[in-house]
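Please read the structure below before turning to the comments.
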Amino acid sequence: MKQMVVAITGPTATGKTALGIALARELDGEVVSCDSMQVYKDLAVGTAQPDAEELTQARHHLIGFLDWDKSFSVSDYVKLAGETISDIHRRGKLPILVGGTGLYARSLLRGFTFKDECRDDALRDKLYTEAQELGPEKMHKKLSLMDPVSAQEIHPNNVKRVLRAIEYCMLSSEPFSQQTARSRQAGSPYRYMMFCPVFRDRHELYRRIDIRVERMLENGLLREAKRLYSFCENSVKYPTAAQSIGYKELFPYFNGEISLAEAVENIKRESRRYAKRQLTWFSREPDIHYLYMDELYSTDNALKECIDILESRGLYTDADLNEGGNAIE
């Protein structure tokens, strides 16, 4: 029997955290983060980790456990999240996947497999140094010469993924895209439903993003970013955590190159661009159900729609909800 997973994915600032917690409380579940940056310690504000009150409302996993200088790949996530989901099921609870990292969600839920033999830490360090000197566009161009298919699929700003693809191409006798294609043939170990909170009015989404950035500043984003900046000054290479939107835009401000107002506007702009990329990514997911938050108006209404859809698909019944059961095959 495949394990049941309910996923709340989609663009930033659409209310995924609140809806995920509501579902966990309603369905006797536990939240499994699906965010590539929320894994890092002491970056709660800039990565929009659930706050202290939210963490008391439902049990959360894969949040704030990794040091800044540690790398964390999609294969690491699939392995760790898979183990976490299995443990949640063993305890009779329902895993609620919550987050906006589309590659993580797709790779986990579709059962993609990954091979680690084509890895060389010395080469990876060399590529990171090269990326810092040349910039993301030139590294992406380098990948396009090695593997045009991967270059088309990987955004230039996803430096970590670009460098991983280059590393694989240099160490193996095949393009990274071929390994990716093989990984997609394994089949999913899960029976899942993916919900995506969105706004029909794109301007409303952008307004929410701007408000969110302002709240992050009020809640200590500058202090958090300054600690990370100081850490990076003493590092041989910038850690992955420093690539997160909200931190890297503040580094030029700390260097005295731009004003704080300019840095904040850059955070808002890059957050809007990221939200657009997320919308594009999730639009390619089959059988995803959109929750139009500007029509549902509240988390409670979105929760009710999720429950109705789960029941209509036969993924949950009233009896299961009352008994706190999980998968129905």
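A short reminder: the numbers here are calculations on the coordinates, not readings from a lab. No experiment lies behind these values; they were computed from the predicted model shown. For neighbour counting, all protein chains shown are included, and Cβ atoms are generated from backbone atoms with ideal geometry for every residue, glycine included.
Neighbour counts of other Cβ atoms within 10 Å put 59, 313 in the fewest-to-most order 313, 59.
Once you divide the Cα radius of gyration of the chain by 2.2 N^0.38 Å, the number left is 1.01.
Dividing the convex hull volume of the alpha-carbon atoms in the stretch 121-183 by its residue count gives 73 Å³ per residue.
Other residues lying with their Cβ under 13 Å from the Cβ of residue 259 contribute a combined charge of -4, Lys and Arg counting +1, Asp and Glu -1. Residues 209, 166, 307 in ascending order of nearby Cβ atoms (within 10 Å, fewest first): 307, 209, 166. Of the trypsin sites (Lys or Arg not before Pro) in the stretch 69-99, which ones lie in a loop per DSSP and count no more than 16 other C-beta atoms within 10 Å? Those that pass, being in a loop and sparsely packed, are 70, 91.
Please sort by residue number the trypsin sites (Lys or Arg not before Pro) in the stretch 143-179 whose DSSP state is loop and whose Cβ has at most 10 other Cβ atoms within 10 Å.
Values: sites: 160, 161, 164; in loops: none.
Counting only loop positions with at most 10 other Cβ atoms within 10 Å, none of the trypsin sites (Lys or Arg not before Pro) in the stretch 143-179 qualifies.
When you work out D = kT/(6 pi eta Rh) for the stretch 32-125 at 37 °C and 0.692 mPa s, using the Kirkwood radius from C-alpha pairs as Rh and the Stokes-Einstein form, the result is 227 µm²/s. Rounded to two decimals, the Cα radius of gyration of the stretch 88-235 over 2.2 N^0.38 Å is 1.32. Of 293, 193, the sequence from fewest to most neighbouring Cβ atoms within 10 angstrom is 193, 293.
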